[in-house]
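Undergrad: Please find one structure pasted underneath; my questions will follow.
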Amino acid sequence: MSLIKHFVPLLAAVAPGCLAQHSLAQKSPVKPNVVIIYADDIGYGDLSCNGAKTIKTPNVDMLASQGVRFTNMHSPAATCTPSRYALLTGEYAWRHEGTGIAAGNAGSIIRPERYTLADVFKSAGYQTGVVGKWHLGLGDKTGTQDWNGHITPGPSDIGFDYSFILAATGDRVPCVYVENERILNLDPKDPVFVSYEKNFEGEPTGKLNPELLKMHPSHGHDMSIVNGISRIGFMKGGKSARWTDEEIADRITSKALSFIEIQKGKPFFLYFATHDAHVPRVPNPRFVGKSGMGPRGDAIIEFDWSVGEVLKMLKKLGIDKNTVVILSSDNGPVVDDGYKDQAAERLGDHKPAGVFRGGKYSSFEGGTRVPGILSWPGTVRPGISDKLLCQVDMIATFADLLKVKIPANAAPDSENHLSAWLNNSGKGRDFLVLQNVQNNLSIEDGAWKFIAPGKGPAYSKETNTEFGNLDKEQLYHLAEDRGEKENLAAKYSEHVARLSEKLAEIKAGIH
Ligand code: NG6
Ligand code: CA
């Protein structure tokens, strides 16, 4: 498809200077900056542009009003690591061993030889950066990394020129920032040690020393204590390098802003993965109490602030019209994810997954139908799109925009849907395969969804989530039953047969 086609709707409206730039695009691709703002555990219904009434997210809403708001955008999986793996590699994570929720001492899951989304941008001459939550492993092997030197391989081996990351998640040790693969502010006399097997002698834990805690676990999360919060895993040392949870959003947002400021003259790609609203939810004091819903709501307001800061910076530098901003989330929402933070008690009428069933971890739509916004002011026509789209397609889609050739065998599941992402005539995906926390698969075609029979509990009492697992087939008519209330498998066996056959083909690698 010719590139110029994507710009047709706005050609009449843009200034003559821009027109010239766009006709050049026929020969050489335009190179807008690209910022992906990737939220953690923020659900479809958590944003006011998607209908939330209790929580107000004015900055996200502004982004949505100047861009296209997708109502059928999916993360590739219902948990973090597999979604991020698929986003960056263009391969469904269920094809690849070792892509489940990663421990904080996991080795690099995406190996250096792998072609990634960052490589697409590098091939097109971009400066690339990742700031925020990583959760894709670091170092050569699980558990034996030396955290006190150059922790390699890491983001620089898979296409990122710059990285400022949390190695895993806020609730997993090591609780330190890692900048360009070295722990920031590390005192060599106080090295960091990490174990996911046993505690280090003399170190307090949430389990044995609850009196030291300012936030208590509701399930799990009772190991090493950092900043008055017990975590998953054990760590020792690195006192000067430990983060303060209340400052994480400020720290990573300011790193994202300075990356943008430094790179502004060249095309850049920034993958800005916020920690909000993952547990532990410990927003900065200036957001505390702002949602009236406790820390979870306040963390979403903090997320909205981060989005606003990015948009303000792009405007201030005069590059807002030359920057594509994509906002999405790595999986659906969860209310109690392991800390007693009042999230359930103060939820009120708020529906984090909107009209959708289930949430984080789930095969139901709430697991993967996430917020999706793309803005490219002056180029992409604002609007609302209900086309079936998925983050796994970013590699092929941006490769088309930038006219980059993806190597053979790279990004096997990534499809080019540039025209749909840019709110033009493209129809979106024909089929999409999704995975829940037990790696059970479902497939949908926009109108129908088939959840394959799968082992595992139907429901988690701890997180109050329906996983969507059942020992028999499930079929939902999403076009008329977005809430997946009625299992029609017995009634429409032809759709069960059609979708289960397609799922088997995709599993076998036949597209
Ligand atoms: C679970 C954690 C949960 C969260 C999740 C990963 C317990 C009891 N629960 O195992 O708190 O960390 O993993 O979330 O430990 S994700 O968004 O990074 O996938
Ligand atoms: Ca997540």
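Undergrad: Taking every eigenvalue of the Cα gyration tensor of segment 49-187, multiplying by 5 and rooting it, what semi-axes result, largest first, whole Å?
TA: 28, 18, 17
Undergrad: As a check on your grasp of the helix formula, calculate [θ] at 222 nm for the chain: sum -39500 (n - 2.57) over DSSP H runs of n ≥ 4, divide by the residue count, round to the nearest 500.
TA: Theoretical 222 nm ellipticity from helices: -6500 deg cm²/dmol.
Undergrad: Averaged over every viewing direction, what's the projected area of the C-alpha convex hull for the chain? Give it in nm², one decimal, please.
TA: 22.8 nm²
Undergrad: OK, next. I'd like to verify something in the chain: which complete DSSP H helices, judged by Cα projection on the helix axis, reach 18 Å or more and average at least 0.0 on the Kyte-Doolittle scale?
TA: Helices passing the filter in the chain: 248-263.
Undergrad: Can you give the convex hull volume per residue for the Cα atoms of segment 193-236, as a whole number of Å³?
TA: About 62 Å³ per residue, rounded to a whole number.
Undergrad: Now for a separate question. Asp157: net charge of surrounding residues, Cβ under 11 Å, Lys/Arg +1, Asp/Glu -1, itself excluded?
TA: Taking every Cβ under 11 Å from that of Asp157, the sum is -2.
Undergrad: Rg and Dmax of segment 377-433 over Cα atoms: what are they, in angstrom?
TA: Rg, Dmax (Cα atoms, Å): 11.8, 35.
Undergrad: Another one. Project the alpha carbons of segment 318-439 onto their principal axes and report the range along each, largest first, in whole Å.
TA: So the extents along the principal axes, rounded to whole Å, are 50, 38, 24.
Undergrad: Moving on to the next point. Could you check the spin-label model distance between Ala508 and Asn227? Points 7 Å from the Cα along Cα→Cβ, value in nm.
TA: 5.1 nm
Undergrad: Considering only C-alpha atoms, what is the centroid distance from segment 407-456 to segment 302-381, in Å?
TA: When both Cα centres are located, 20 Å separates them.
Undergrad: Over the C-alpha atoms of segment 277-317, what are the Rg and the largest Cα-to-Cα span, Dmax, in Å?
TA: For segment 277-317, the Cα radius of gyration and maximum Cα-Cα distance read 11.5, 35 Å.
Undergrad: Please report, for the Cα atoms of segment 432-507, the Rg to one decimal and the Dmax as a whole number; what are they, in angstrom?
TA: My reading of the Cα-based Rg and Dmax gives 12.1, 37 Å.
Undergrad: When a/c is below 1.5 the answer is rounded, else prolate if a/b is larger than b/c, else oblate, so apply that to segment 362-407 with a ≥ b ≥ c taken from the square roots of the Cα gyration tensor eigenvalues.
TA: Oblate shape, in that a/c is at least 1.5 and b/c is the bigger or equal ratio.
Undergrad: Now for a different question. Defining a contact as two alpha carbons under 8 Å apart and six or more residues distant in sequence, what relative contact order in percent does the chain show? Could the numbers behind the result be given before it?
TA: Working: 1268 pairs, mean separation 111.9, N = 511.
Relative contact order here is 22 percent.
Undergrad: Does anything in segment 49-84 have its amide N under 20 Å from the 7 Å Cα→Cβ label point of Ile101, and if so which residues?
TA: Only 75-84 pass the distance filter.
Undergrad: Separate question: Could you work out the mean projected area of the convex hull around the alpha carbons of segment 121-212, in square nanometres to one decimal? Mind showing how you got there, number by number?
TA: Numbers: hull surface 28.4 nm².
Directional mean of the projected Cα hull area for segment 121-212 stands at 7.1 nm².
Undergrad: While we're here: Is there a pair in Lys122/Lys502; Lys290/Lys316; Lys31/Lys449; Lys122/Lys315 whose C-alpha atoms are over 30 Å apart, and which pairs would that be?
TA: With Cα atoms farther than 30 Å apart: Lys122/Lys502; Lys31/Lys449.
Undergrad: Can you divide the C-alpha Rg of segment 284-372 by 2.2 N^0.38 Å and report the result to two decimal places?
TA: Against the empirical 2.2 N^0.38 Å value, I get 1.28 for segment 284-372.
Undergrad: Per residue, how much accessible area does segment 118-161 have with a 1.4 Å probe, in Å²? Don't skip to the answer; put the middle values down first.
TA: Details: 1370 Å² over 44 residues.
Value for segment 118-161: 31 Å² per residue.
The values are calculated or read from the model by the stated rules, or taken from the named source; none is laboratory data. Only a predicted model underlies this, so the values are computations on that prediction, with no experimental measurement involved. Positions of Cβ are backbone-derived with ideal geometry, glycine not excepted, and every protein chain shown enters the neighbour counts. To get the accessible areas, we keep the full protein, side chains included, count just its heavy atoms, and leave off ligands, DNA and RNA. Shrake-Rupley method; radii C 1.70, N 1.55, O 1.52, S 1.80 Å.
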